[in-house]
Every structure is written in structure tokens, then in C-alpha cells.
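Remarks on the structure that follows.
Since every read-out is calculated from the coordinates, none of them should be taken as a lab result. Small disclaimer: the values here were computed from a predicted structure and weren't measured. Ideal geometry is used to build each Cβ from the backbone, glycine not excepted, and the neighbour counts take in all protein chains shown.
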Amino acid sequence: GGSKDFYGNAPPGELLDLSALTGIISYEPSELVVTVRAGTTLTELQTTLAERGQCLPFDPPHYAQAVPAELISKNSLKIFKIEDNKNPGVSMGEKESKVVRQGNKVHVYITAIRSHFSPDNIEGVKMGDEVYFHVTNLEQDWDVPHGFAVKGNNNGELLVMPGETQTIKWVPDRVGIFPFYCTDFCSALHQEMQGYVRVSAAGSNVPISFSLGKNSDTTRLK
């Protein structure tokens with residue numbers, strides 16, 4: 001009794017004693033179904049559900065509880081240091097973004113930050129190449145992930161969390177210009193996060209080149 005006293009005035013009338021009608025009748029965690037008697041306390045029910053990592057979808061409000069900050073601070077990291085990224089494909093900043101050919105494998109070391117990719121213009125990819133995009137999210141705020149996809153790529157997309165590097169493989173299936181873009185809304189300029197890869201015919205003499213923000217034959221970002 002008294003579990004709703006904090007809502008307002010004390011309820012009038014006689015109390016209905018349901019203490020004799022307590023207990024969980026049946027519980028099937030895999031089916032998300034539980035049947036309890038009318039007098040079962042929420043505490044008992046919530047404790048049983050919590051043992052299986054479950055909870056009521058409509059848990060009632062409770063009084064606020066204070067806990068020492070040191071008990072939760074280590075689990076409340078809000079800044080992700082790019083220096084802690086040990087992925088072999090990481091680019092620590094835009095100056096480290098680049099495109100490297102190794103035989104028929106092309107490695108694109110690309111960075112993402114609101115609201116552009118670097119590089120965002122890539123040429124020199126040829127039919128028969130395997131292209132590996134190593135995407136590093138330079139954001140360090142915990143709630144700014146970036147997505148990455150290449151139009152026509154059949155193996156989906158990436159979701160790259162702040163400070164993280166993820167890799168996706170793409171094999172062009174035709175000559176042409178292919179856009180890549182962010183697939184996770186990140187800011188008001190989300191739609192600006194895009195770039196292009198030009199794919200040439202096999203055996204062509206188009207060299208690897210890449211740039212940021214313009215079409216040029218720059219082979220390194222300054």
C-alpha cells in the first residue's frame with residue numbers, strides 16, 4: 001500500500017486488502033508473457049523480470065534516487081579520443097586521408113565529420129578493382145555517428161560511431177560515376193555529406209587521384 005501516495009491527496013474510503021492474492025502464477029520469458037495475482041507487488045514482479053533482463057513496458061514512475069557520481073561516471077563516457085583508435089585503417093585527421101593502389105586493390109582512407117567526407121572526389125578506380133573504404137568518424141561527441149554507403153553496393157552500409165573506423169568493400173560493376181554518402185542523419189547539413197568515385201575501363205591509364213571539395217588531379221590533400 002501507499003505506492004501512489006506521491007501522486008497527490010490521500011485516497012478517501014476503505015482500503016481493499018489484496019495481500020492474500022499475491023504471487024506470480026506463470027512466467028514465460030521467451031514469450032514475454034507473465035501472469036500475476038492482483039495483490040502482487042510491483043517490486044516482486046520487477047525483481048523477477050530483472051533476473052531475466054526484462055522489464056515492464058509501462059514501468060510506473062518512482063521517486064528519484066541519488067547515487068554517488070563515482071559509481072556511474074566510468075560508464076558515462078561522453079568523449080571518444082581519436083588517439084585511442086588503433087584500427088589499422090584509421091585516419092587521425094583529414095591530412096591523413098588518402099587513396100592507395102595495391103595491385104587491383106584500392107584502399108580509400110576517408111574521414112567523416114559534420115558535414116563532409118575527405119576526400120570526396122576520387123578518380124583512377126578501374127573495372128576489376130576491389131575498393132576498400134576505411135571510414136574514420138572524426139567526431140568525438142558520443143551522439144554523432146555517421147553512416148557510409150556507395151550507390152549500388154550490394155553488401156549494405158556502415159554505421160561508424162564517434163572515434164571509430166569501419167571498413168566496407170565495394171566492387172564496381174560498370175564504368176561510370178558513383179556517389180557515396182552518409183546514411184545516418186547527423187546535422188542540418190547532412191545532405192552535404194556525399195562524394196563521388198569515377199570508375200574507368202579496365203586497362204585505362206587514369207591515375208589514382210583524390211581531392212576535397214573540387215575536381216582536380218591532386219594526389220594528396222594539403
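When the helices in the chain are scored as -39500 (n - 2.57) per DSSP H run of 4 or longer and the sum is shared across all residues, what 222 nm value do you end up with, to the nearest 500 deg cm²/dmol?
Only helices count here, giving -1000 deg cm²/dmol.
State the antiparallel share, in %, of DSSP beta bridges confined to the chain, rounding to the nearest 5.
75
If I build a Gaussian network model for the chain, linking alpha-carbon pairs within less than 10 angstrom, which residue out of SER187, SER30, SER91 has the largest mean-square fluctuation?
Of SER187, SER30, SER91, the Gaussian network model singles out SER30 as fluctuating most.
Specify, per residue and in Å³, the volume enclosed by the convex hull of the alpha carbon atoms belonging to segment 152-198.
That works out to 89 Å³ per residue.
List the residues whose amide H sits under 5 Å from the amide H of ASN121, counting only those 5 or more places along or on another chain, with H placed 1.01 Å from N in the peptide plane.
TYR196, SER211, GLY213
What per residue convex hull volume, in Å³, do the alpha-carbon atoms of the chain yield? Don't jump to the answer; show the numbers that get you there.
Working: hull volume 44.5 nm³, N = 222.
With only Cα atoms used, the chain gives 201 Å³ per residue.
Report D for segment 71-117 in µm² per second (integer): Stokes-Einstein, Kirkwood Rh on Cα pairs, 37 °C, 0.692 mPa s. Could you put the intermediate results ahead of the total?
Working: Rh = 13.2 Å.
For these conditions, the coefficient is 249 µm²/s.
Once the Cα gyration tensor of segment 105-222 is diagonalised, what are the square roots of 5 times its eigenvalues, in whole Å and ordered largest first, as equivalent ellipsoid semi-axes?
Computed over segment 105-222, the values are 24, 15, 12 Å.
Would you look at the GNM of the chain, springs on alpha carbons closer than 10 Å, and say which of GLY89, GLY39, GLY163 moves the most?
Fluctuation is largest for GLY39.
Let's see if you can work this out: charge +1 on each Lys and Arg Cβ, -1 on each Asp and Glu Cβ, no other charges. What is the dipole magnitude of segment 8-140 about its Cα centre, in debye to the nearest 20?
Roughly 680 debye for segment 8-140.
Taking the beta-carbon count within 10 Å as an exposure proxy, list ASP84, ASP129 from fewest neighbours to most. Please report the intermediate quantities before stating the final value.
Values: ASP84 7, ASP129 19.
Starting with the residue having the fewest Cβ neighbours, the order is ASP84, ASP129.
Tally Lys/Arg at +1 and Asp/Glu at -1 over every other residue whose Cβ is under 10 Å from the Cβ of HIS107; what's the total?
+2
Say we join alpha carbon atoms closer than 10 Å with springs in a Gaussian network model of the chain; which of PRO172, PRO162, PRO12 then has the biggest fluctuation?
Top of the fluctuation ranking is PRO12.
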